[in-house]
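Reading through the structure tokens given below for one structure.
The values are calculated or read from the model by the stated rules, or taken from the named source; none is laboratory data. As the structure is a computational prediction, the values presented were derived from the model and not from experiment. Ideal geometry is used to build each Cβ from the backbone, glycine not excepted, and the neighbour counts take in all protein chains shown. In case anyone asks, the SASA skips ligands and DNA or RNA and just uses the protein heavy atoms, side chains included. Shrake-Rupley method; radii C 1.70, N 1.55, O 1.52, S 1.80 Å.
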Amino acid sequence: MPTIIWVGTAMDLNKVSRSRRYRLTGLLKKNGFDRWRISASAISAVTGEECSFFIEFYVVNPAISPDKPVLGFKSRLPKTDTDLQYALAGTESEKSLLTEELVQPSFVMVKAGKLSKRGKQLNAYFPCSALVTDSPEYVVKVGSDDKNTCFIKKNSTGGSISVSGTDLLERPEILGNSGSIAWNLHYSIEDGFLPSFRSKQANWACFGARTSIAGTIVMDGEQFTVSKDRSYGYFDKNWGRSFTNPFLHLSSSNLVSRISGRKLTESCFAIQGEYNKRLCIFTSIEGKKLEFHAGGYKNYNTIYECTQMPEDEDGVKLHWSVSMNNRSHVIDVDIVCNAEQMFVRDYECPEGNRKVMKLIGGGNGTGEVKIYRRIRKDLELLEDIHVESCLCEFGNIETAQK
């Protein structure tokens, strides 16, 4: 049997606080990553369009180069006069001289952007020495002054990123888009799942599967309003030696019961993996929780896939399908997201060697979640849920070309 909580319980704030902590200690200082991620829906003050935004703090191998950001994709070809003479002469030494040096990355990156139509990502890099994680005021903070400081506090997050077209031409290794974004948000964690998953290789803390967020976001001069009742906020954390491969994520708190027609205002679900060749699958429906932990001893089977659907009048879509079953319950999840509302985000892996996690994702997925209870050989439908504003991701680790 999975863990079932039949009465809604308030989140343990002490557990949330511990789960948000910085985790790169010991060997992870030189071979590890830590990533905080917040997402929310917002409404454009200009067009009224609803968009999904994300804010992430990504720390990689802080002990390797604490005082200067090192990016593995930065060109490191020899550039001395002697090197040039070897290259022009066409000697054997040219081959080694024109081979780029492979390094392990070491930096703090703040990544923020929009996961909707005309979406984009903006990246800012800082030395690891600029990182603050042991302050009673901040969960994480980076930056040298008020102008370029980005932070997450216990109940708020703020910051700004600006990347020019010239920046991208001179530094293509920053792996993003040009533009500007600034945010000032307050949040309250309403529901989540702890513990989520722990191992030596990869860890996940899904403490904010339902998070109320309010405030403003300004992207490229356009203002977006985030309201508490329509933010459908999400807040989680990943850390470890490297990303899971493959990587799958689905989550939403914008849910409506197809059975009753009622808005499920105190409900959410989150799915992530692959861990131990299984997915973690969590649902919280109006105070009733089902939790299936990939690292637990309880037996359950998971089948999943992410595939491209045939193009139709609405364009190209990606389809996430997840099915979980054990002796007591069955959960079926089907989510689709339009390809034009998605894009690929890149993350340098801690191991270096030009390995990068490529995540295709969107924040406007729609679909359904069905939850059944087994009664001998029959299935009883407990809930049939329509899902909107679903954060949906799929990715794999790849080795980039030199």
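Laid out as a table, the results:
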| read-out | value |
| --- | --- |
| Test for G113: is it surrounded by fewer than 20 Cβ atoms within 10 Å (Cβ to Cβ), at pLDDT 95 or above and not in a loop (DSSP other than H, G, I, E, B) | no |
| Of all residues making up segment 215-235, the number that are open to solvent by 40 Å² or more (accessible area, probe 1.4 Å) and part of a strand (DSSP E or B) | 5 |
| Which listed residue, of S199, S129, is over 23 Å from I271 (Cβ atoms) and either in contact (Cβ under 8 Å) with a residue 24 or more places away in the chain or hydrophobic (A, V, I, L, M, F, W, C) (or both) | S129 |
| Cβ pairs under 9 Å, 6+ apart, first in segment 317-331 and closer than 18 Å to K277 by Cα, second open to solvent by less than 30 Å² (accessible area, probe 1.4 Å) and part of a loop (DSSP other than H, G, I, E, B) | M324/Y300; N325/Y300; N326/P2; N326/Y300 |
| Lone qualifier among S196, S188 - being modelled with pLDDT under 95, polar (S, T, N, Q) and either surrounded by 17 or more Cβ atoms within 10 Å (Cβ to Cβ) or touching a strand residue (DSSP E or B) at 6+ places or on another chain (Cβ under 7 Å) (or both) | S196 |
| Residue identified as under 20 Å from the mean Cα position of the chain (by Cα), in contact (Cβ under 8 Å) with a residue 60 or more places away in the chain, farther than 22 Å from V60 by Cα and not in a strand (DSSP E or B) among E340, E388 | E340 |
| One residue from N353, N301, N326 being more than 28 Å from R118 (Cβ to Cβ), surrounded by 14 or more Cβ atoms within 10 Å (Cβ to Cβ) and at pLDDT below 95 | N326 |
| Any hit, segment 278-285, residues being of a type outside the set (D, E, K, R), modelled with pLDDT under 95 and under 16 Å from S251 (Cβ atoms) | no |
| Residue satisfying all of: in segment 295-331; assigned to a strand (DSSP E or B) and charged (D, E, K, R); farthest from the chain's Cα centre (by Cα) among these | D312 |
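Matching residues to (1) open to solvent by 50 Å² or more (accessible area, probe 1.4 Å); (2) within 24 Å of N155 (Cα to Cα); (3) among the acidic types (D, E):
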| residue | (1), (2), (3) |
| --- | --- |
| K237 | no, yes, no |
| F243 | no, no, no |
| S252 | no, yes, no |
| C268 | no, yes, no |
| N276 | yes, no, no |
| C280 | no, no, no |
| K289 | no, no, no |
| F292 | no, no, no |
| E305 | yes, no, yes |
